[in-house]
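Student: Here you go, one structure.
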Amino acid sequence: MDGPAPMQLGWVDQAAFAFMLTASALIGVYFAYFAPVRNQSASEYLVGGRSMGTVPIALSLISSYISGITLLGYPAEVYVYGMQVLYKMLALPFMGIIFATQLLPVFRDLGGISLYGYFARRFNNSVRLLASCLFIFGDMCYMPLVVFVPSFAYQQLTTFSIHWVAPVVCLICIYYTTVGGIKAVVWTDAIQAVSMYMCVLLVMVLGVTRTGGVSEVWARGVASTRIEAPVLDLDMTTRHTLFTMMVGAFIAHCAHAGLGQAMMQRYLSLPTDRQALTAMWIFIGGICTFFLTSGIAGLVMYAYYYDCDPIQAKRVSKPDQMLVLFVMETVGGLPGVAGLFISGVFSAALSSMSCALNAMAAVVLEDWVRGYGGYEPSERHASWIMRGVVVVFGLIALALVFVVQHLGMVVQLAVSLSAVSTGPLFTLFVVGLFLPWCNTRSAVAGALTSTAFTITIVFGQQLERYWKRLSYPEKPFSVDGCLAAYNITVEPAVIKVIDNSGAFPLFRISYLWFLTLSLLVGVTTAGVAAFLGWRNDLRDVDPRLLAPLARRLLPAKLREDAAGARTTAAPDSAATAAEQALLLADLRVSLQNLEKHNTSSEAERQRATEEYSR
């Protein structure tokens, strides 16, 4: 290992970064002002008129699923704890099977834009509002971190303060998301996905050449036990085991990649089911490739620093900063290479933020304005509402970046808050899709119980870690080479003895079990509540609102009628059977809203009643 390299970006590197930002903004300009089909309707703005291409959507799915936190965090995870985390990619194909057979058919048939409109049809508008609020709360906790992490890394490498970097990046993202809609978001995501992969591949390939080749990386990884077979252990307190990955990571993938608003919105942008399935499998392949290359990057980092750990040498304070240090020391002298790396990190941040903003625009318009508010805006007003949502939430996220900067431990708190929203949301979906006898009351009871449990276990574990009563075994590090490389003396590494017996047993459970346990608690509560009296008559449940597997629980006659309605629908009719059901549900909701608000004229109520009767 050579001595330290200067930790500054050259003008070529900064030009590469500026080019990426400019290209993102110009894509928004093109789709706003020069594209053959512009965003004249809510459908065009939110789902591209349901005519998007498969490959751009697949790349957008990959790009939005990988944040800057992930890009910097996975190599650091492998560096500190070894490659066990990479085995979570084994759960992705199983998630794909469930998504393709049980989830996608329901939401493609319903044809809505917001996922949470499902709850208005399965339960009521109040559940729809609750779910949409949980979604927005979670994303607003997560977005500032997505921007803060790469902005902080950029600040370390230039003379530009985070107070300049974060606003520029956020405002460019807000701009192209606002004016270009989902088409601009998808195409910038596609370009940014390429940038991210180039970033990781660059670190991997050039890093291998600087550390003595593949054989040296492999030998040092095996010697330090960072390269190892899956841990075959059923202990739920072990941080990563094969059992934990196949169950806990599977549930997490289903919640985030299968039933995430931003993800599903992209599947709904494709014209056919076949294209949606193709995009999903490309996405799974892309994410597995990312996990693998990121893991190799972590092994390469260890092979480079095997005899002088930068954390113990006080060259960085946290593992998340190591990838930046590694890039600057190994390839920082090559003009433009470090700039390409920084562009990749910011690409991950921009794609995550733009997807979240576009998804929140869909949720506010469909669930708050049209659904709960009962207001049907004109296309012009809908356009202003969606763009206003993007601007307002984007500026709030920007303001929160500066809050995160000064709160230290609250970074972990914000991640925990984001996780808290996922548990009850996923519980509501599972109860609605797979438990037909559960009604609104039992579903809400399950969601509330899930929320309470998730808050308890997430914040309980954070407190145990803060009080130093909970930690996990790290892989061995060495500082023997620090004196020769940097002419500094570092205290020899001390092997830590891990004793978590002082922590409360529930809080010792691996973080990958949180969502699974939250789901089990919520679903069990909903099932018990239904058994005790808060249940549906199965004859009143629309089979199209259930996952195909759960439809078998309905009376045979109801299943046959639903199947007949789907197969006898005329192919050239104005609406399919699923679309007719969607229209009927929307009319029913509109009638309820008219009665609730009592603000419309008698003529409007009469028209709605006649339409519903037809």
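The values are calculated or read from the model by the stated rules, or taken from the named source; none is laboratory data. As the structure is a prediction and not an experimental result, all values here were calculated from the model. Here the Cβ positions follow ideal geometry from the backbone for every residue, glycine too, while neighbour counts run over all protein chains shown.
Student: Residues in the range 209-254 that are closer than 27 Å to GLY96 by Cβ and in a helix (DSSP H, G or I): how many?
Tutor: Qualifying residue count for the region: 13.
Student: Oh, and also: For a quick check of your reading of the model, give me the residue pairs whose first member lies in the range 102-122 and is assigned to a helix (DSSP H, G or I), whose second is of a type in the set (Val, Ile, Thr), with beta-carbon atoms closer than 7 Å and at least 6 apart or on different chains.
Tutor: PHE119/VAL127; ALA120/VAL589
Student: What about VAL389, is it over 20 Å from VAL194 (Cβ atoms), within 20 Å of the chain's Cα centre (by Cα) and surrounded by fewer than 23 Cβ atoms within 10 Å (Cβ to Cβ)?
Tutor: Values: over 20 Å from VAL194 (Cβ atoms): yes; within 20 Å of the chain's Cα centre (by Cα): yes; surrounded by fewer than 23 Cβ atoms within 10 Å (Cβ to Cβ): yes.
Criteria met by VAL389.
Student: Out of ALA397, ALA382, I need the residue that is among the hydrophobic types (A, V, I, L, M, F, W, C) and crowded, with 24+ Cβ neighbours inside 10 Å. Which one?
Tutor: Exactly one residue qualifies, and that residue is ALA397.
Student: Next question, about the same structure. If a residue must be farther than 18 Å from LEU71 by Cα and without any contact (Cβ under 8 Å) to a residue 24 or more places away in the chain, how many such residues does the range 182-215 contain?
Tutor: Number satisfying all stated conditions: 4.
Student: Quickly run through the range 337-388 and pick out the residues that are farther than 22 Å from SER67 by Cα and hydrophobic (A, V, I, L, M, F, W, C).
Tutor: Filtering the range 337-388 down to residues farther than 22 Å from SER67 by Cα leaves 364-388.
Of everything in the range 337-388, those that are farther than 22 Å from SER67 by Cα and hydrophobic (A, V, I, L, M, F, W, C) turn out to be VAL364, LEU365, TRP368, VAL369, ALA382, TRP384, ILE385, MET386.
Student: If you don't mind, another one. ALA131 is checked against (1) within 21 Å of the chain's Cα centre (by Cα); (2) more than 17 Å from VAL363 (Cα to Cα) and fails just one. What number does that condition carry?
Tutor: The single condition ALA131 does not satisfy is (2).
Student: Given the range 10-77, what helices (runs of 4 or more DSSP H) lie entirely inside it while holding 1 or more residues that are in the same structural domain as VAL149 (by TED's automatic domain parsing)?
Tutor: Here the list reads 42-47, 54-65.
Student: Output the number of residues of the range 508-540 satisfying the condition of being in a helix (DSSP H, G or I) and either among the aliphatic types (A, V, I, L, M) or in contact with a Pro (Cβ under 9 Å, 6 or more places away or on another chain) (or both).
Tutor: So the count comes out to 15.
Student: Then there is this: Kindly provide the set of residues from the range 219-231 that are loosely packed, with under 14 Cβ neighbours inside 10 Å and not small (Gly, Ala, Ser), ordered by number.
Tutor: VAL222, THR225, GLU228
Student: Same structure again: Surrounded by fewer than 24 Cβ atoms within 10 Å (Cβ to Cβ) and free of Cβ contacts under 8 Å to residues at least 12 places away in the same chain: which single residue out of THR289, THR293, THR272 fits that description?
Tutor: THR272
Student: Considering only residues of the range 452-477 that are at pLDDT 90 or above and crowded, with 21+ Cβ neighbours inside 10 Å, which is farthest from ARG544 (Cα to Cα)?
Tutor: So, considering only residues that are at pLDDT 90 or above and crowded, with 21+ Cβ neighbours inside 10 Å, the one farthest from ARG544 (Cα to Cα) is ILE457.
Student: Looking at the range 289-315, which of its residues are under 21 Å from CYS199 (Cα atoms) and among the β-branched types (Val, Ile, Thr)?
Tutor: THR289, THR293, ILE296, VAL300
Student: Do you know which residues across the range 155-170 are farther than 16 Å from SER352 by Cβ and outside any loop (DSSP other than H, G, I, E, B)?
Tutor: Answer for the range 155-170, where residues must be farther than 16 Å from SER352 by Cβ and outside any loop (DSSP other than H, G, I, E, B): GLN155, GLN156, LEU157, ILE162, HIS163, TRP164, VAL165, PRO167, VAL168.
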